[in-house]
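A.B. asks: My questions will all concern the structure given below.
The values are calculated or read from the model by the stated rules, or taken from the named source; none is laboratory data. Keep in mind it's a predicted model, so treat the numbers as computed, not measured. So basically every Cβ, Gly included, is an ideal-geometry build from the backbone, and we count neighbours across all protein chains shown.
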Amino acid sequence: MREPSAQEPAEPLVPAPAGPADLEREAGLARLFELHYSSMLRLAVLLGADDPENVVAEAYYQIYRKWRRLRDVEAAEAYLRSTVCNLTRMRIRHLQVARKHVETPAEETVASAESAALLRDDQRVLIDALQQLPPRQREALVLRHWLGLKETEIAAAMGISCGSVKTHTARGTTALTQAMEARR
């Protein structure tokens, strides 16, 4: 790299001032973070993410990158929720593939201190049963009963039809009920 001459200005070390669109994006993301970070973290935990903090951080990064393309800023929460679901699903798939190729037995995973603090003792049995469900059933149940979403919102978050949401929810509820009754 050559030195700038006296006639050429040096590159500025300070970034250019942010425009109104950048300030609006920063404010919108800060608001979104304040309102929904803990619920997105809980969503990632309930969906079975092994690193929920990283999943949520990645989701916020993705929405930051795509903020200008959002048609409706009010839909940012739904986009964020959908991104958390997709990232969790992708990481679980990646871990399943990675674990198939590991020759030594994997150590039992330990929940992070934050995720353990979120769950009370009387909920652990339910969470264990929920973690045993197939991923789509678990997603449908968490989105329906924990977040209280409508079938159309669940379908959008999971990328499936409303009929599939009904099927996954019904099968998941049946399996969860059987698992809970078997533990009593």
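A.B. asks: Which residues, counting only those in the range 30-44, are out of contact with any helix residue (DSSP H, G or I) (no Cβ under 8 Å at 6 or more places or on another chain) and among the hydroxyl-bearing types (Ser, Thr, Tyr)?
C.D. replies: Across the range 30-44, the qualifying residues are 38, 39.
A.B. asks: How many residues does the range 34-56 contain that are surrounded by 14 or more Cβ atoms within 10 Å (Cβ to Cβ) and part of a helix (DSSP H, G or I)? It would help to see each step written out before you state the result.
C.D. replies: First, the residues of the range 34-56 that are surrounded by 14 or more Cβ atoms within 10 Å (Cβ to Cβ): 36-37, 39-53, 55-56.
Now narrow it down to the ones that are part of a helix (DSSP H, G or I): 36-37, 39-46, 52-53, 55-56.
So the count comes out to 14.
A.B. asks: With a cut-off of at least 1 residues that are modelled with pLDDT under 90 and either loosely packed, with under 14 Cβ neighbours inside 10 Å or in contact with a strand residue (DSSP E or B) (Cβ under 6 Å, 6 or more places away or on another chain) (or both), name the helices (runs of 4 or more DSSP H) lying wholly within the range 118-184.
C.D. replies: 121-131, 162-183
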